[in-house]
Amino acid sequence: MSDPAEKLCDWARAGDLSAASELVALFYERVYAFFRRLCRDNEDAADLTQKTFAKVWTSLGSYSGRSSFSTWIHGIGYHVYVDWRRKKNPAEARSDEWWEACVAEGPSPFENAAERELAGQLFALVEQLEEGMREVVHLHYYQGLSIQETANVLNVATSTVKYRMRGALSRLKAGAVEPTT
C-alpha cells in the first residue's frame, strides 16, 4: 500500500475526518477538471463533482484496493457522468469564451495566440469524435490515467481502449472528424 491515498482512505473509513478532507483536497480539482471538459459547464461540473464525492463517501467501505484510489474515484465519476448524460443532453458546441475560461492556472504551454488557436482547434476536433473515443482521450490525455486505469474506469478491456485511442489519434491527425449527432 504505497499510495498515500489508500492510507487516507483507510483512516477515513475509520472515521478520521481530517483524512477525508485530505482525500477531497487530493482529488477534487482533477475530478472537477474531468467533468468540466466533458459536460462543458462550470456549474454542471461542480454539481457532478459533488455528486461523485457523495457517492465516494457512501461507497468508501467497498473500496478494495484492486485498482488505484484515483482510478476508483474516476470510475465513480464516470458513472455519475453517464447517469447525468442520460438525464440531460448538454449543449452541442463550446464557445470561444468557454475555451478561454479553461486556461490552466500558472504557466501555460499556450502562451502565444497561435498556440492557443491550435489548441482550440484540437479540442474542437476532440469534441467531434464519437463518444467512446472522446472519453478515452479525456481520461488518458486530459486526466493522465494509464491505459489500464482508463479501461477500468470505462469498464472495458485495455484492447478496447487502445483501439479507440488509435482511432481517435488517426482521425485527429487527419483532421477529418465528422460531427457526431
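The values are calculated or read from the model by the stated rules, or taken from the named source; none is laboratory data. As the structure is a prediction and not an experimental result, all values here were calculated from the model. Methodologically, a virtual Cβ is constructed for each residue, glycine included, from the backbone with ideal geometry; neighbour enumeration extends over all protein chains shown.
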- [ ] Search segment 29-47 for residues being surrounded by 20 or more Cβ atoms within 10 Å (Cβ to Cβ) and of a type in the set (F, W, Y), and hand back the single one that is nearest to V80 (Cα to Cα).
- [x] F35
TODO: Could you tell me which of the residues A119, A93, A101 is at pLDDT below 65 and either in the same structural domain as A5 (by TED's automatic domain parsing) or of a type in the set (G, A, S) (or both)?
DONE: A93
Task: Near pairs, Cβ below 7 angstrom, 6+ apart or cross-chain, from segment 49-70 (touching a residue at least 40 places away in the same chain (Cβ under 8 Å) and closer than 18 Å to P4 by Cβ) to any residue that is of a type in the set (S, T, N, Q) and assigned to a helix (DSSP H, G or I) - done: S67/N152
Open item on the list: Going by what's in this entry, would S59 be described as of a type in the set (S, T, Y) and at pLDDT below 65?
Closed with: no
Task: Where N152 falls short, out of the listed (1) polar (S, T, N, Q); (2) assigned to a helix (DSSP H, G or I); (3) at pLDDT below 90 - done: (3)
Open item on the list: Just to be sure before I move on: is W72 surrounded by fewer than 17 Cβ atoms within 10 Å (Cβ to Cβ) and either more than 22 Å from V156 (Cβ to Cβ) or at pLDDT 80 or above (or both) in the structure I sent?
Closed with: no
